[in-house]
Amino acid sequence: MPAAASTRPKARSTQSTAKRPVPLDRPYVPVQKRPLPAGRPREWYVDHNRRLKAMRLAIALLDLGFHTARQAPDEVVHMAAQLIGVHPPSPATCRMVRALLQTR
């Protein structure tokens, strides 16, 4: 019997494998933080934390209904930062947030 022929039907890619519906309206719970690896240059840690903050802000903006970079000037990004409880972002972080929204 050829390897391609199988007695079990394949699941379609659009078919759900969940046993019960997954609720998507649960509040966001952040994952537990782990320590960053030691021994890297300071610049690496600054860039890493900036990327994390930009991702959090981009997710918050998407949840608020801002789906394009044009809809997210610095003032809107600052408002999102205040809403989620993080320090106001720098201009570099605001640019990174807009770049993340563009690649969506």
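Values in this text are rule-based calculations from the coordinates and carry no lab data. Quick caveat: nothing in here was measured; it's all calculated off a predicted structure. Backbone-built Cβ (ideal geometry, glycine too); neighbour counts: all protein chains shown.
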Task: Filtered residue count, the stretch 81-104, keeping only those that are in a loop (DSSP other than H, G, I, E, B) and farther than 18 Å from His67 by Cβ - done: 6
TODO: Kindly list the number of the only condition in (1) touching an Asp or Glu at 6+ places or on another chain (Cβ under 8 Å); (2) loosely packed, with under 14 Cβ neighbours inside 10 Å that fails for Gly65.
DONE: (1)
Task: Tally of residues being in contact (Cβ under 8 Å) with a residue 12 or more places away in the chain and either over 14 Å from the mean Cα position of the chain (by Cα) or over 18 Å from Pro73 (Cβ atoms) (or both) across the stretch 43-55 - done: 4
TODO: Kindly indicate whether Arg50 is surrounded by 15 or more Cβ atoms within 10 Å (Cβ to Cβ) and either of a type outside the set (Ser, Thr, Tyr) or under 23 Å from Val31 (Cβ atoms) (or both).
DONE: yes
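Tell me, yes or no, whether the stretch 73-93 has at least one residue that is crowded, with 20+ Cβ neighbours inside 10 Å and of a type in the set (Gly, Ala, Ser).
From the stretch 73-93, those crowded, with 20+ Cβ neighbours inside 10 Å are 77, 80-81, 89, 93; that's our starting set.
From what is left, the residues that are of a type in the set (Gly, Ala, Ser) are 80-81.
Yes, some residue in the stretch 73-93 is crowded, with 20+ Cβ neighbours inside 10 Å and of a type in the set (Gly, Ala, Ser).
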Open item on the list: Could you tell me how many of the residues in the stretch 78-93 are closer than 16 Å to Leu62 by Cβ and either in contact with a strand residue (DSSP E or B) (Cβ under 9 Å, 6 or more places away or on another chain) or free of Cβ contacts under 8 Å to residues at least 24 places away in the same chain (or both)?
Closed with: 3
